[in-house]
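Chemist: Here you go, one structure.
The values are calculated or read from the model by the stated rules, or taken from the named source; none is laboratory data. Because the structure is predicted, anything quoted here is derived from the model rather than measured. Heads up, the Cβs are rebuilt from the backbone with ideal geometry, glycines too, and the neighbour counts pull from every protein chain shown. For accessibility, only protein heavy atoms count, side chains too; no ligands or nucleic acids. Shrake-Rupley method; radii C 1.70, N 1.55, O 1.52, S 1.80 Å.
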Amino acid sequence: DVLVGFSGTFSFWHGIDVLGDAARSLGNYSNIHFIFIGEGPLLPNMMSKLKGLDNMHFVGQVEYEDMPAYLSACDILLSPHLKPKDGPFIGSPTKIFEYMSMSKVIIASNLDQISEIISPSMSLNELELKDYSNIDEANGILVMPGSSTELSQAIIITAENINELNVLGENARKKSLVSYTWNKSTDMIQKKIQDLN
């Protein structure tokens with residue numbers, strides 16, 4: 001079985017409705033299980049939408065120190081953020097960095113900073129064609145923001161080929177250790193401050 005995870009706030013710009021629709025479409029896949037970690041205003045709707053599906057598991061809010069255990073249990077981690085109505089996506093997707101540190105396959109929305117972090121990446125088209133020509137460099141899979149169909153298709157194909165695609169998670173962890181540690185972030189901030197002086 002393959003475990004697909006989401007952690008975060010169940011709120012509007014996190015793509016919760018898209019996540020719920022994608023998960024519901026996979027309710028009959030007995031070998032694909034979902035674990036949803038967190039709370040938020042859209043959680044009751046999500047739980048209602050997925051009620052009665054045996055492969056859906058809600059754990060609510062967990063202590064921060066327990067998060068690595070939950071994330072490490074997953075095979076695939078999701079970040080289905082939505083594109084804002086006005087302007088570019090601006091945010092600090094902490095969950096992406098947490099996901100990268102766990103060496104798990106990440107499926108995320110193809111949005112601004114997210115696509116910069118998960119770069120190079122694989123597309124749904126490459127997954128469908130089993131085109132693994134850039135898999136040794138890719139750090140994850142990017143799908144169209146707001147498309148539950150693309151998200152569910154990417155989950156299905158990734159689950160069916162998880163052994164071959166695990167290298168994406170390994171690549172993501174390597175990139176996180178090179179580029180996205182707290183030390184790297186503080187060094188970058190200090191350099192920016194020095195450049196202003």
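Chemist: Among DSSP beta bridges whose residues both lie in the stretch 76-197, state the antiparallel percentage, nearest 5.
Modeler: In the stretch 76-197, DSSP labels about 0 percent of beta bridges as antiparallel.
Chemist: Show me 73-79, 93-99 ranked by packing, highest mean number of other Cβ atoms within 10 Å first.
Modeler: 73-79, 93-99
Chemist: From the helices alone, meaning DSSP H stretches of at least four residues, give me the mean residue ellipticity at 222 nm for the chain, per-run term -39500 (n - 2.57), in deg cm²/dmol to the nearest 500.
Modeler: Rounded to the nearest 500, the figure is -13500 deg cm²/dmol.
Chemist: OK, next. Would you mind putting 189-197, 55-63, 103-111 in packing order, based on average other-beta-carbon counts within 10 Å, highest first?
Modeler: Per-residue Cβ counts within 10 Å, averaged per peptide and sorted highest first, yield 103-111, 55-63, 189-197.
Chemist: What do you get for the angle between helix 162-179 and the principal long axis of the chain? Use alpha-carbon atoms, 0 to 90 degrees, nearest ten.
Modeler: 30 degrees
Chemist: Rounded, prolate or oblate for the stretch 1-41? Axes are the square roots of the Cα gyration tensor eigenvalues, ordered a ≥ b ≥ c, and the cut-off for rounded is a/c under 1.5.
Modeler: Oblate shape, in that a/c is at least 1.5 and b/c is the bigger or equal ratio.
Chemist: Once the Cα atoms of helix 16-25 and of the chain are each reduced to a long axis, what angle between those two axes, in degrees from 0 to 90 to the nearest 10, is obtained?
Modeler: The answer is roughly 40 degrees.
Chemist: Rounded to the nearest 20 debye, what is the charge dipole size of the stretch 1-150 about its Cα centre when +1 sits on each Lys and Arg Cβ and -1 on each Asp and Glu Cβ?
Modeler: My answer is approximately 440 debye.
Chemist: Along its principal axes, what span do the Cα atoms of the stretch 94-197 show, with the longest given first and each in whole Å?
Modeler: Computed over the stretch 94-197, the largest-to-smallest principal extents equal 51, 27, 22 Å.
Chemist: Computed from these coordinates, which is Rg and Dmax of the Cα atoms in Å: [x] 16.7, 60; [y] 17.1, 52; [z] 15.7, 53?
Modeler: [x]
Chemist: So between ILE193 and PHE58, what do we pick up on full extension, going 0.36 nm a residue minus the alpha carbon distance?
Modeler: 44.3 nm
Chemist: With a 1.4 Å probe and every protein chain kept in, tell me what percent of the accessible surface of the stretch 102-184 is carbon plus sulfur.
Modeler: C and S fraction of accessible area: 46 percent.
Chemist: Another question, if that's okay. How many angstrom lie between the C-alpha centres of the stretch 95-114 and the stretch 156-197?
Modeler: Cα centroid to Cα centroid, the span is 9 Å.
Chemist: Could I ask something else about it? Using Cα atoms only, what is the angle between the long axis of helix 148-160 and the major principal axis of the chain, expressed in degrees (0 to 90) to the nearest 10?
Modeler: That helix lies at roughly 90 degrees to the long axis.
Chemist: Moving on. Please name which of ILE117, SER30, ILE157 has its Cα lying farthest along the dipole of the stretch 1-159 towards the positive end, using unit charges on Cβ (Lys, Arg +1; Asp, Glu -1) and the Cα centre as origin.
Modeler: Sorting the options by dipole projection puts first SER30.
Chemist: So, for the chain, what is the accessible surface per residue at a probe of 1.4 Å, expressed in square angstrom?
Modeler: Accessible area per residue: 52 Å².
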